[in-house]
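No value in this document is a laboratory result; all are computed from the given coordinates. Please read these numbers as outputs of a predicted model, since none were measured by experiment. FYI the Cβ positions are ideal-geometry reconstructions off the backbone, even for glycines, and counts take in every protein chain you see.
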Amino acid sequence: MNVSSGLERPATTDLALYARNVAIRARAASRQLALATGAQKGDWLRRTAQLLRERKDEILKANEDDCSNGRQAGLSPAMIDRLKLTESRLEAIAQALHEVASLSEPVGEIIDSNVRPNGLLVTRVRVPLGVVFFIYESRPNVTVDAASLCVKSGNAVILRGGKEAIRSNQALASLMSDALAATGLPRDAVQLVETTDREAVGQFLRLQEYIDLAIPRGGRSLIERVSAEATMPVLKHFDGICHVYVDRSANLEMAERILINSKCQRPGVCNAAESLLVHRDVAAAFLPKAAASLQKNGVELRCCERSRALIPSSRAATDDDFRTEYLDLILSVKVVDSLADAIHHIDAYGSHHTDTIVTNDLTAAETFVAQVDSAAVLVNASTRFNDGNQFGLGAEIGISTDKFHARGPCGLKELTSYKYVVHGNGQVRT
């Protein structure tokens, strides 16, 4: 395999031509994919898993080059860990491909149908979106995850990973392309952007005539840039400012378990809790014990005046603390006077991502579910469950906080649209 560095900077005109050519090839491939059978796509997924195992040495060598360059560039140990592939991580990627292959085929599903009085049969059929431009950072496993979901749902995908993973991504894209050819699918169904020049992203985002959807997955600055420059729809979320609200009727032991899991299991992900709200009637009973458990797990607490009186070891919270996605072992804490105050706080400071209530009051739970306008609202469960796999989607390409066309974890069906197919026997409209 010829793996170039991808670090050269072509002229802007060359980038525009390069992006257009990639997008044109993706559009042509998407039309061929529309005719692909579920069996073909399943064969491709399983063949890709097989090649991951057969070519693991080649992939791990490319990845070690990326990790070595990353260390020299000053990437943090956490970033290197996100970047690094191992035999066990490659095996996990291969297993994920088999799981996607086992999912129900979304393309061609008849969503609903009806026969009109004039005899017309009107059906609504699930179809691919077409071409997806996927922009992401760091983790090379995402390269395979995204490609598997896009092709399974009948879409061609253009992958633009971060420069820190360019060699790993080239190795992975190469074997996926080989697997496509081996199973009779178009090679251009999965294409990797071979340059790491940031300007290339802007060139692709101008190509709405070829690209149907852009999906950015990374930090806020990346998502803001894509949202500002894209000429096609964008599937995204900006922040994961997720709340745990402990209601006055909550089982406090349950509330503590949910809180610790929401904050501490994986603090660096978008569905981790960033803020704790506690009803004033249970604050004295709940906060000191919960704070001790949180601090035992290394969590720094930033508290409002009333909660700080119950947790003297905490820091005073600023207004900005309640608006911050920490992605770290830091938690903002506030005592509220009522369920209504908790809902108002979530509306004012949250990001419409994931929020949970802990309560034994059915009316309080129903009110919270009805009035909290987030992509996922949970009752007596950890915020960490807002995940495609956990929700039974099999896998996800990301989580959306938008309302059109998809919201929450986005799996195969969220990578499709629908069209009306109408069968008649000579009817004309009068």
Worksheet entry | Length-normalised contact order of the chain in % [C-alpha pairs under 8 Å, at least 6 apart] | 18 percent
Worksheet item: Residue by residue, what Karplus-based ³J(HN,Hα) values in Hz, rounded to whole numbers, does the range 365-381 have, using 6.51, -1.76 and 1.60 with θ = phi - 60° and x for Gly and Pro?
Response: 4, 5, 5, 4, 4, 6, 9, 7, 9, 10, 4, 9, 10, 10, 10, 6, 8
Item to complete: Find the Rg to Rh ratio for the range 358-428, where Rh is the Kirkwood radius over alpha-carbon pairs and Rg uses the same atoms.
Response: 1.21
Worksheet entry | Length gained when the stretch residue 123-residue 14 is fully extended (0.36 nm per residue, less Cα-Cα span) | 34.8 nm
Discussion item. Can you match mean projected area of the Cα convex hull in nm² to one of these, (i) 28.3; (ii) 26.0; (iii) 25.0, based on a calculation from the structure here?
Written reply: (iii)
Practice prompt. Go through 420-430, 143-153, 179-189 and give me the packing order, highest mean Cβ count within 10 Å leading.
Written response: 143-153, 179-189, 420-430
Discussion item. How much length would be gained if the chain were fully extended between residue 285 and residue 228, taking 0.36 nm per residue of separation minus their Cα-Cα distance, in nm to one decimal?
Written reply: 15.8 nm
Worksheet item: Helix 87-102 versus the longest principal axis of the chain: what angle, 0 to 90°, nearest 10, using Cα atoms?
Response: 70 degrees
Worksheet, complete the sentence: With +1 on the Cβ of every Lys and Arg and -1 on the Cβ of every Asp and Glu, the dipole magnitude of the chain about its Cα centre, in debye rounded to the nearest 20, is 800 debye
Worksheet item: Rounded to the nearest 500, what is the chain's calculated 222 nm mean residue ellipticity when only DSSP H runs of at least 4 contribute -39500 (n - 2.57) each, over all residues?
Response: -13500 deg cm²/dmol
Worksheet item: Taking amide hydrogens as modeled 1.01 Å from N in the peptide plane, which residues meet the under 5 Å criterion relative to residue 336, leaving out close sequence neighbours?
Response: 278, 279, 280
Worksheet item: What is the helix-to-structure angle for 38-54, meaning the angle in degrees between its Cα long axis and the longest Cα principal axis of the chain, kept from 0 to 90 and rounded to the nearest 10?
Response: 80 degrees
Worksheet item: Residues with amide H under 5 Å of residue 378's amide H, sequence separation 5 or more or different chain, H placed in the peptide plane at 1.01 Å from N; which?
Response: 355, 356, 357
Worksheet, complete the sentence: Longest principal axis of the chain (C-alpha) makes with the long axis of helix 56-72 (C-alpha) an angle, in degrees to the nearest 10, of 50 degrees
Worksheet item: Pulled fully out, how much extra length does the chain show between residue 88 and residue 37, if you take 0.36 nm times their separation in residues and subtract their Cα-Cα distance?
Response: 15.2 nm
Worksheet entry | Positive-pole candidate from 147, 383, 121, dipole of the chain, charges at beta carbon | 121
Practice prompt. Compute the relative contact order of the range 242-390 as a whole-number percentage, counting only Cα pairs closer than 8 Å that sit 6 or more residues apart in sequence.
Written response: 33 percent
Discussion item. Distance between the C-alpha centers of the range 108-123 and the range 379-428? Whole Å please.
Written reply: 22 Å
Item to complete: In vacuum, with every alpha carbon of the range 242-390 counted as one equal point scatterer, what does the Debye formula give for log10 I(q)/I(0) at q = 0.14, 0.16, 0.20 Å⁻¹? Two decimals, please.
Response: -0.55, -0.74, -1.25
Fill in: Karplus-derived HN-Hα couplings along the range 234-244 (A = 6.51, B = -1.76, C = 1.60, θ = phi - 60°), whole Hz, x at Gly and Pro
10, 9, 6, 9, 7, 10, x, 8, 9, 10, 10
Response to the item:
Ranked by GNM mean-square fluctuation in the chain (Cα springs under 10 Å), the top entry among 84, 296, 236 is 296
